[in-house]
Amino acid sequence: MSGISNIIENFIKQMLEEAESGIIEIGRNDLAEQFGCAPSQINYVLTTRFTPYKGYYIESRRGGGGYIKIIKVGIEEDKNMEDLIVNTIGDSITKNKGYHIIEGLIEEKVVSKREGRLMKAAIEDIALQGASKGKNKIRADILKNMLLVLMR
C-alpha cells in the first residue's frame, strides 16, 4: 500500500515543481485511473502527505467534474508563519486561542479587520455545530488553511 502512495506522492510533487505558479489542478478519478488505484487512495495520499503542516493547501470538488487543486505555499520561507501554523495552532486549538491569534494578525496588519471577522466566524462554535466531537481539531485545520491562503 505504501509503495503506490509513495509513487503518487512523488508524481504530484514533480508536477508541482514543474508548475511555475506552484499550483496544479488534477482530476481525482483521472489520477486514480492513471495509477490503477481507487480514488480513495488518492484521498489518502492527499490527506497524509500534503498537509498544511507541510505547506500545502488543497481545494477539492467532488462529483462528475471533480478536481483537486494543490497549492504549495512556502511556509518554510517564513519562519514566523511556519511557527504559527505548526507550533502555535498545532493539531487542536480552542476558540479563544484562535481568536487571540486572529487579533494578533489584525494588530500586525497581516489581515484586515474585515478578514479577521470572517476568520473568527469560520472558527466560531456555531459554525462547527455539525461536528459532534473534535471541534478544536477542525477549528485548527480551518485556521491553518486560512493562513495558507493568506500566504499565497
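Rule-based calculations on the coordinates, nothing more; no lab input. Given the structure is predicted, the values throughout are model-derived calculations rather than measurements. When we count neighbours, we look across all protein chains shown, and the Cβ atoms used for this are built from the backbone with ideal geometry, even at glycine.
Some values worked out for this structure:
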item	result
Net charge dipole size for segment 75-151 [Lys, Arg +1 and Asp, Glu -1 on Cβ; Debye, nearest 20]	480 debye
Between helix 39-49 and the chain: long-axis angle, C-alpha atoms, 0 to 90°, nearest 10	50 degrees
Test item: Cα-centred dipole of the chain, Lys/Arg +1 and Asp/Glu -1 on Cβ, debye	680 debye
Spatially proximal lysines relative to LYS137 (Cα-Cα < 16 Å; intrachain offsets below 8 disregarded)	LYS95, LYS97, LYS120
Selected from GLN129, ILE142, MET119, residue furthest toward positive end of dipole (segment 75-151; charges at beta carbon)	GLN129
Longest to shortest principal axis, alpha-carbon extents of the chain, angstrom	48, 36, 27
Cα gyration tensor category, rounded, prolate or oblate, for segment 75-151 with a/c compared to 1.5	oblate
